[in-house]
Amino acid sequence: MGAGTAYEALTVETLPERLRGVSALASRVGNDPGAWQVEEVGDGNLNLVFIVSGPSGKVIVKQALPYVRLVGDSWPLPLYRAYFEYHALTRQAARDPGAVPTVYHFDEAQALIIMEYLSPHVILRRKLIAGEHVAGLAAFLGRFCARTAFRGSELSMPSPEKKADVALFAGNVEIPAITEALVFADPYFDAEMNSHTEGLEPVIARLRADVGLKVKVQQALQRFVSNTETMVHGDLHSGSIMSTDSDSRVIDPEFVQYGPLGFDIGMLCANFLMAYFSQPAHRGEDLATYQEWILSVIADTCSVFEAEFRDLWRSERTGILYPQTLFEDQGQDSTPACDAVLAEIWRDAWAVCGIEMHRRCLSLAHNADFEDIADVRVRAPLEARNLLMGAELIHSAATLADAKAVCALARDFNRKDVL
Ligand code: SR1
Ligand code: MG
C-alpha cells in the first residue's frame, strides 16, 4: 500500500494483499502474504482489529472506521483519531516504559496502527467477570496512572513542550465530545441513545431530581474540558487493559486529550467498583473473597499511585510548577504543596468515578460486567447499588478520606436493598 493511497477499510480478505509491502509487518509475520492468517477480533465500540499470524509471528493491525462501529454509519467519526492514538502510545511508552504495546508502524492515510500482539493476555474485564486474579495488577496500574499523570504535566515537562502537546492533542475534537455527552450529560436526562435495565426507573428519577448532583457533575465536566493538566488516556476502563495472570498492559488510548490529573484513576476505579457490584451474579461460594480482592485492587492501586506520585515529586519535579527554587532551595519542605495537589487529584478522581458508574448503566455503551447478567431482575438491584454509590461519590468527592473509605462505602452499598 503506497503512501498517500486513499483510505479504505481493510477486510480479512484484502489485508494480505494491501499490507504485503509493509516491512514492519512482513518482517515479523513472514514475507509470504499467502501464508498469513487474518482474523478480525475487534469487540470494541469503534474500530477494526485484526490479528495477523504467519510462520514467524503475530501482530495486531488496528484500523479506525469512519463511523462509530457500535452504532453504524449514521454516526460519522473522523479517521484522524488513529493519529492521536499513535501519538498517545508513543508518549505513554516513554512515560511508563513497557506499559503499552510496542508500535511497529503507523499509516496516517489508512488510519492504521500495526503493533505488538499481546499473548496470552486477555481483556481484564473478562477476567474480572470470570473471577480470575491478576498478580501485580494494582502496582502496575497505580504506577501507570501516576507516571503518565506526573510526566505529562508541567510538574515535570518543559513548558514549551507541554504547550505544544496540548495544542497537538486539541485537534482531537470529536472523540472527547463523545465523552462530554455520553459520560457527563446523557445519564442525567432522557437522551436519545440512552438505555437502562427495566426496574431502575425510581433510582434514575432520584438522580435526575438531584440538582446538587447535576451541578457537581457539570463542575467535573468544566474541569474536564478546560483543565489541561496532563495527557490523559481518556478511556481507562477494564476493557482498555489486557492481562495474563501476572502481567498487564494498557491499550487503546484514542480518547486521549489533555485533562485533569485525576481523570484516569477515577475512571479506572469506577470500573473496578462496577466489577465489584456485579459479582453476586457471576460468583458462587467464592463471592465474598473475590469481591474483597477487587476492593484490595482499588485500595492498592490508589496507594501505589500516591506513593509513586510523591516519589516523582521528590525526584523529577523539573517543570515550572512548584519549582525547587521556591521550596527546597530555600530550605523549605514542599510536602504541603504535594499534599494539596494530591487532594485536588482525589477530589476530581472520585467525582469522575461516580459519573462513570452512572454512564455505564444509563447512557450508550454499557459494560459487560452488568450486561452479561441476562436476568434483569438480578441485574437491576445490582446496578441500583452501583448508581446510588456513584451519586454518593459525586456528592462527597471533596471530603472522602482515601480509597479505603471508598471501599468501605462500597461494602455498605453492597449490603443495601435499594430497589
Ligand atoms: C460511541 S463510543 C462509546 C464508548 O466506547 C468507548 O470505548 C468509550 O468508552 C466511549 O464512551
Ligand atoms: Mg476503547
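The values are calculated or read from the model by the stated rules, or taken from the named source; none is laboratory data. Just so it is clear, the structure is predicted and the values come from calculations on it, not from any experiment. Using ideal geometry, Cβ is built from the backbone for each residue, glycine included, and neighbour counts are taken over all protein chains shown. Keep in mind that these areas ignore ligands, DNA and RNA; they rest on the heavy atoms of the full protein, side chains included. Shrake-Rupley method; radii C 1.70, N 1.55, O 1.52, S 1.80 Å.
Of all the residues in region 186-234, those that are within 16 Å of ligand 1 (Cβ to nearest atom), small (Gly, Ala, Ser) and farther than 30 Å from Phe140 by Cβ number 2. The set of residues from region 28-52 being open to solvent by 20 Å² or more (accessible area, probe 1.4 Å), touching a residue at least 24 places away in the same chain (Cβ under 8 Å) and more than 16 Å from ligand 1 (Cβ to nearest atom) comprises Arg28, Val38, Glu39, Glu40, Ile51. Looking only at residues in region 2-20 that are over 23 Å from Val68 (Cα atoms) and open to solvent by less than 60 Å² (accessible area, probe 1.4 Å), the one that is nearest to the chain's Cα centre (by Cα) is Leu19.
Of Ser226, Ser240, which residue is within 16 Å of ligand 2 (Cβ to nearest atom), small (Gly, Ala, Ser) and modelled with pLDDT of 95 or more? From the options Ser226, Ser240, the qualifying one is Ser240.
If you filter region 215-234 down to residues that are open to solvent by 70 Å² or more (accessible area, probe 1.4 Å) and in contact (Cβ under 8 Å) with a residue 12 or more places away in the chain, you find that the one that is nearest to Val183 (Cα to Cα) is Gln218. His237 falls short on exactly one of the conditions (1) more than 21 Å from Ala94 (Cβ to Cβ); (2) within 16 Å of ligand 1 (Cβ to nearest atom); (3) free of Cβ contacts under 8 Å to residues at least 60 places away in the same chain, and that condition is (3). Restrict the check to region 158-173 and report whether at least one residue is touching an Asp or Glu at 6+ places or on another chain (Cβ under 6 Å) and under 19 Å from Ala307 (Cβ atoms). Scanning region 158-173, I find no residue that is touching an Asp or Glu at 6+ places or on another chain (Cβ under 6 Å) and under 19 Å from Ala307 (Cβ atoms), so the answer is no. Scanning region 157-171 for residues that are in contact with a strand residue (DSSP E or B) (Cβ under 6 Å, 6 or more places away or on another chain) and either within 16 Å of ligand 1 (Cβ to nearest atom) or open to solvent by less than 20 Å² (accessible area, probe 1.4 Å) (or both) yields a single hit, Phe169. Which ones in region 333-385 are of a type in the set (A, V, I, L, M) and within 16 Å of ligand 1 (Cβ to nearest atom)? Within region 333-385, Val352, Ile355, Met357, Leu362, Leu364, Ala365, Ala368 qualify.
Would a scan of region 257-274 turn up a residue that is among the aliphatic types (A, V, I, L, M), outside any helix (DSSP H, G or I), out of contact with any Asp or Glu (no Cβ under 8 Å at 6 or more places or on another chain) and modelled with pLDDT of 95 or more? Among the residues of region 257-274, not one is among the aliphatic types (A, V, I, L, M), outside any helix (DSSP H, G or I), out of contact with any Asp or Glu (no Cβ under 8 Å at 6 or more places or on another chain) and modelled with pLDDT of 95 or more, which makes the answer no. Selection of region 62-90 for residues being of a type in the set (D, E, K, R) and open to solvent by 50 Å² or more (accessible area, probe 1.4 Å) yields Arg69, Asp73. Within region 243-258, being within 16 Å of ligand 2 (Cβ to nearest atom) and within 22 Å of Glu174 (Cβ to Cβ) holds for Ile251, Asp252, Pro253, Glu254, Phe255, Val256, Gln257.
Condition check ((1) open to solvent by 10 Å² or more (accessible area, probe 1.4 Å); (2) hydrophobic (A, V, I, L, M, F, W, C)) across all residues:
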residue	(1), (2)
Thr244	yes, no
Met274	no, yes
Leu295	no, yes
Ile320	yes, yes
Ser334	no, no
Ala349	no, yes
